[in-house]
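I have placed the structure first, in the form of structure tokens, so that the comments after it can refer back to it.
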Amino acid sequence: MTSSTSEKLSSAQVSELTAHLTYGTWRRQKGWSPLHIVDAEGCYFVDAAGKKYLDFSAQLMCVTLGHKNRAVIEAIQQQAERLAFIGPGYATQVRAELAELLTEVLPKGLTKYFFATSGTEANEAAFKIARMYTGKTKIISRYRSYHGSTMGSIAATGDPRRWAMEPAGKIPGVIFAPEVNCYKCPIGHTYPGCNIACAEYVEHMIANESDVAAVIVEPVVGTNGVLIPPKEYMPRLRQICDAHGVLLIADEVMSGWCRTGKWFAMDNWNVVPDILTTAKGITNAAIPLGLCATNEKIAAHFEDHFFSHGHTYEAHPLTLAPAIASINEMKRLKLNERATEMGAYLGEKLMALKPRHRSIGDVRGIGMFWAVDLVKNQQKKNPFNTGEEKLAGKPLVVDRIAAKMMGNGVFIQAWMSHFVIAPPLIISKDEIDRGVAALDEALALADAEVEA
Ligand SMILES: Cc1ncc(COP(=O)(O)O)c(C=O)c1O
């Protein structure tokens, strides 16, 4: 790995110009002082001073194969030489090849594809397709969710990132159901005695709303805390949607691509959605690509109906070539098996932290996708910070812990009152030990603030 700074600008200038002239996302701008990163390889990235950081969350849970995967880099290079761009109205070798490969790895029956350039665009496509296909309008989403930042996807986002857009900056017709959260059920139940009331309530909503086109779920909720549904939930949701002629959309932007030990999280319950959206790991995040995959019935509808959607960069050849390389790498490296095996090791290590820290409320995960949930009080399960505090720019306990870990050379994603631990799937046991040790040490900050 190199660690040289840019020749034109000093490192201080790079950080200053970045903060001064560009937006830092999802934050107040004052006080933003971004770290200058010069390189990344495997499970590490490097700052301008040459300090190496273990990437314990694969950046935004997206660098699944690890940084600088050679096959992905070469695919981009070769495609740039061969055919960097042609409009979406043409057939290309990469488009055909990737589409064929997708029929192999996606849940069976999802055989027609729309390529966009981000997760949020994939969801915008899903909403438009669902509305065009069903002729209905409403979308049911869940509160603990994130589906993207554009007008449709932010409307379907349950977490506080939506609030600034209420009500004018989002599409109408989105309503929210309670999420699945067996640690802290939003409707006060306990599994399994609950008979998955959170799924049954979705049926109650559909029956009483009318005009519902689709239900969108993150099969395993990502940023909002790795919420894993009990085994009955997805099959029941599938039944409910079928009974009411409502489409089921699985947003697998974060949970797809071997993260949970399966190609897609829905595969854990053998449930096939009508529409599956994804992005992030599809190219190892090396090039922006989003995918909206639909079933044959939806595809058939558009044989004789106008498909009223598209982008200049739809099926952009440069975005498709690294997806082929990434999928082949995932197969070669047997990442599903690896996520299951190493994920179990990671889980064991994280679980072992719980009895040692009064601030840990819950540790949960599946495959290489884990959350450590912090609470001020283990009985009451109340979080250290809230959405209101995040938006108000209040320093959050989890951010202080993440900063301390960065000091120790470990990067972790913090959100509100929990961490999402989702390293590249190539991580070793030693690296897991190192990441968990850094978290163990930094958690003293939260333990000191637990309610007496
Ligand atoms: C579940 C989920 N859906 C959609 C998105 C939006 O994807 P993008 O940031 O590529 O637009 C994200 C991003 O984190 C996500 O986690």
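Can you tell me which of (1) within 16 Å of the ligand (Cβ to nearest atom); (2) more than 30 Å from residue 379 (Cβ to Cβ) is the one residue 242 doesn't meet?
Status for residue 242: all satisfied but (1).
Please list, ordered by residue number, the helices (runs of 4 or more DSSP H) wholly in segment 88-157 having 2 or more residues that are away from the ligand (no atom under 12 Å from the Cβ), β-branched (Val, Ile, Thr) and under 24 Å from residue 174 (Cα atoms). Steps first, answer last, please.
Values: elements: 93-105, 119-134, 151-155.
In segment 88-157, the matching helices (runs of 4 or more DSSP H) lie at 119-134.
I'm told residue 365 meets every condition in (1) within 20 Å of the chain's Cα centre (by Cα); (2) of a type outside the set (S, T, N, Q); (3) closer than 30 Å to residue 93 by Cα except one. Can you identify the failing condition by its number?
Just one mismatch for residue 365, condition (3).
Considering (1) closer than 28 Å to residue 323 by Cβ; (2) touching a residue at least 60 places away in the same chain (Cβ under 8 Å); (3) surrounded by fewer than 24 Cβ atoms within 10 Å (Cβ to Cβ), say which one residue 265 fails and leave the rest.
Among (1) closer than 28 Å to residue 323 by Cβ; (2) touching a residue at least 60 places away in the same chain (Cβ under 8 Å); (3) surrounded by fewer than 24 Cβ atoms within 10 Å (Cβ to Cβ), the lone unmet condition for residue 265 is (3).
Could you say whether any residue in segment 287-301 is surrounded by fewer than 22 Cβ atoms within 10 Å (Cβ to Cβ) and either within 16 Å of the ligand (Cβ to nearest atom) or within 20 Å of the chain's Cα centre (by Cα) (or both)? Spell out how you get there, then give the answer.
Going residue by residue through segment 287-301, those that are surrounded by fewer than 22 Cβ atoms within 10 Å (Cβ to Cβ) are 287-288, 295-301.
Checking which are either within 16 Å of the ligand (Cβ to nearest atom) or within 20 Å of the chain's Cα centre (by Cα) (or both) leaves us with 287-288.
Within segment 287-301, one or more residues are surrounded by fewer than 22 Cβ atoms within 10 Å (Cβ to Cβ) and either within 16 Å of the ligand (Cβ to nearest atom) or within 20 Å of the chain's Cα centre (by Cα) (or both).
For segment 190-219, how many residues are aliphatic (A, V, I, L, M) and either without any contact (Cβ under 8 Å) to a residue 60 or more places away in the chain or part of a helix (DSSP H, G or I) (or both)? Spell out how you get there, then give the answer.
Within segment 190-219, the subset aliphatic (A, V, I, L, M) is 196-197, 199, 202, 205-207, 212-217.
Adding the requirement that they be either without any contact (Cβ under 8 Å) to a residue 60 or more places away in the chain or part of a helix (DSSP H, G or I) (or both) leaves 196-197, 199, 202, 205-207.
So the answer is 7.
Within segment 3-70, considering only strands (runs of 3 or more DSSP E) that don't extend past its boundaries, which have at least 2 residues that are of a type in the set (Phe, Trp, Tyr) and at pLDDT 95 or above? First the steps, then the outcome.
On the way: elements: 37-41, 44-47, 52-55.
It comes to 44-47.
Which of the following residues is crowded, with 24+ Cβ neighbours inside 10 Å and either of a type outside the set (Lys, Arg) or within 16 Å of the ligand (Cβ to nearest atom) (or both): 229, 235?
Numbers: 235 fails: crowded, with 24+ Cβ neighbours inside 10 Å.
Only one candidate passes the filter, namely 229.
Is it true that residue 254 is in contact with a Lys or Arg (Cβ under 7 Å, 6 or more places away or on another chain), surrounded by 21 or more Cβ atoms within 10 Å (Cβ to Cβ) and under 14 Å from residue 367 (Cβ atoms)?
Values: in contact with a Lys or Arg (Cβ under 7 Å, 6 or more places away or on another chain): yes; surrounded by 21 or more Cβ atoms within 10 Å (Cβ to Cβ): yes; under 14 Å from residue 367 (Cβ atoms): yes.
Considered against the rule, which asks whether it is in contact with a Lys or Arg (Cβ under 7 Å, 6 or more places away or on another chain), surrounded by 21 or more Cβ atoms within 10 Å (Cβ to Cβ) and under 14 Å from residue 367 (Cβ atoms), residue 254 comes out as yes.
Residues to consider are 264, 307; find the one that is of a type in the set (Phe, Trp, Tyr), more than 15 Å from the ligand (Cβ to nearest atom) and modelled with pLDDT of 95 or more. Let's see the steps before the verdict.
On the way: 264 fails: more than 15 Å from the ligand (Cβ to nearest atom).
Going through 264, 307 in turn, the sole match is 307.
The values are calculated or read from the model by the stated rules, or taken from the named source; none is laboratory data. In this text the structure is predicted, and so the values were computed from the model without any measurement. We place every Cβ from the backbone using ideal geometry, glycine too, and count neighbours over all the protein chains shown.
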